[in-house]
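The values are calculated or read from the model by the stated rules, or taken from the named source; none is laboratory data. Small disclaimer: the values here were computed from a predicted structure and weren't measured. Don't worry about glycine lacking a Cβ; one is built from the backbone with ideal geometry, like all the others, and counts go over all protein chains shown. The accessibility values were calculated without ligands, DNA or RNA, using every heavy atom of the protein model including side chains. Shrake-Rupley method; radii C 1.70, N 1.55, O 1.52, S 1.80 Å.
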Amino acid sequence: ANAHRGWDIWTENGSVGMHLIHKWPDDALKAVSKPKLEANRWSHVAVTYDGSSKIEGLKIYINGREVDRTIQSKSLTATTRTEVPLTIG
């Protein structure tokens, strides 16, 4: 009903991805890491966002280093707030 409004972090074919969405796909940010996580090895993953509504404000880190990203959507103009609670898993 809310066109996927909210945010998520996931792995996609070994890469780390993040969405920030008001209305998918027209009003959203999406980036996926170019490097892939090593199979069968623990990795530290962090994603940061500075609230700027710009793709440049979304960063992905693997093992403490900022990584290059593939940008798949870079137009966010409205809120990502939703009434759905945070879910991990």
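Structure above, values below:
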item: Extreme residue, nearest to Ala1 (Cα to Cα), among residues of the range 64-89 that are outside any strand (DSSP E or B) and open to solvent by less than 90 Å² (accessible area, probe 1.4 Å); result: Thr82
item: First in the range 1-21 and within 15 Å of Thr87 (Cα to Cα) and open to solvent by 90 Å² or more (accessible area, probe 1.4 Å), second anywhere and not small (Gly, Ala, Ser) and not in a strand (DSSP E or B), Cβ under 6 Å, 6 or more apart; result: His4/Trp24; Trp7/Thr80
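Results for (1) among the basic types (Lys, Arg); (2) modelled with pLDDT of 95 or more, shown as yes or no for each residue.
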{"position": "Val16", "(1), (2)": "no, yes"}
{"position": "His19", "(1), (2)": "no, yes"}
{"position": "Asp27", "(1), (2)": "no, yes"}
{"position": "Asp50", "(1), (2)": "no, yes"}
{"position": "Leu58", "(1), (2)": "no, yes"}
{"position": "Ile62", "(1), (2)": "no, yes"}
{"position": "Arg69", "(1), (2)": "yes, yes"}
{"position": "Glu83", "(1), (2)": "no, no"}
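Residues are listed down the side, and each one gets a yes or a no for (1) surrounded by 18 or more Cβ atoms within 10 Å (Cβ to Cβ); (2) of a type in the set (Lys, Arg); (3) touching a residue at least 12 places away in the same chain (Cβ under 8 Å); (4) in a strand (DSSP E or B):
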| residue | (1), (2), (3), (4) |
| --- | --- |
| Pro25 | no, no, yes, no |
| Leu29 | yes, no, yes, yes |
| Val32 | yes, no, yes, yes |
| Lys36 | no, yes, yes, no |
| Ser43 | no, no, yes, no |
| Ala46 | no, no, yes, yes |
| Gly51 | no, no, no, no |
| Tyr61 | no, no, yes, yes |
